[in-house]
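A quick write-up on the structure given underneath.
The values are calculated or read from the model by the stated rules, or taken from the named source; none is laboratory data. Small disclaimer: the values here were computed from a predicted structure and weren't measured. With ideal geometry, Cβ positions are generated from the backbone for all residues, glycine too; neighbour counts draw on all protein chains shown. Protein only, heavy atoms only, side chains kept; ligands, DNA and RNA dropped before computing areas. Shrake-Rupley method; radii C 1.70, N 1.55, O 1.52, S 1.80 Å.
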Amino acid sequence: MELSIYDIAGFVGAVIIVAAYFAMQQRWLNALDWRFPAANLLGSLLILVSLWFEWNFPSVVIEIFWALISLVGLVRALAERRRNLIASRAPAE
């Protein structure tokens with residue numbers, strides 16, 4: 001059985017999502033850390049690449065929602081990180 005490049009992309013995306021979830025469950029990665037939503041976003045986008053070539057509408061819908069939710073989480077995590085960095089550099093009163 002020969003895998004196409006888009007099948008490999010889908011498998012890699014699934015591995016990334018599962019690995020991020022496993023790392024969070026093992027408390028190696030905090031769900032509020034920017035890396036968790038970033039991994040989920042990357043994974044879902046790679047799965048969407050595979051779905052572009054092997055169309056499955058319900059799977060596309062869930063991956064789009066997964067990507068959007070992950071993007072919101074990533075933006076929030078990076079904004080929080082930026083606020084904390086600015087607060088730590090502020091002069092003490």
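What the table shows:
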{"quantity": "Matching residues in the range 55-93 - criterion: being of a type in the set (Ser, Thr, Tyr) and open to solvent by less than 80 Å² (accessible area, probe 1.4 Å)", "calculated": "59, 70"}
{"quantity": "Where residue 52 falls short, out of the listed (1) touching a Ser or Thr at 6+ places or on another chain (Cβ under 6 Å); (2) over 22 Å from residue 23 (Cβ atoms); (3) open to solvent by 100 Å² or more (accessible area, probe 1.4 Å)", "calculated": "(1)"}
{"quantity": "Residues satisfying the stated conditions in the range 62-85, i.e. touching a residue at least 24 places away in the same chain (Cβ under 8 Å) and acidic (Asp, Glu)", "calculated": "80"}
{"quantity": "Qualifying residue in the range 3-25 (condition: of a type in the set (S, T, N, Q), surrounded by 14 or more Cβ atoms within 10 Å (Cβ to Cβ) and in contact (Cβ under 8 Å) with a residue 12 or more places away in the chain)", "calculated": "no"}
{"quantity": "Options 88, 44, 59; residue that is in a helix (DSSP H, G or I), in contact with a Phe, Trp or Tyr (Cβ under 6 Å, 6 or more places away or on another chain) and without any contact (Cβ under 8 Å) to a residue 40 or more places away in the chain", "calculated": "44"}
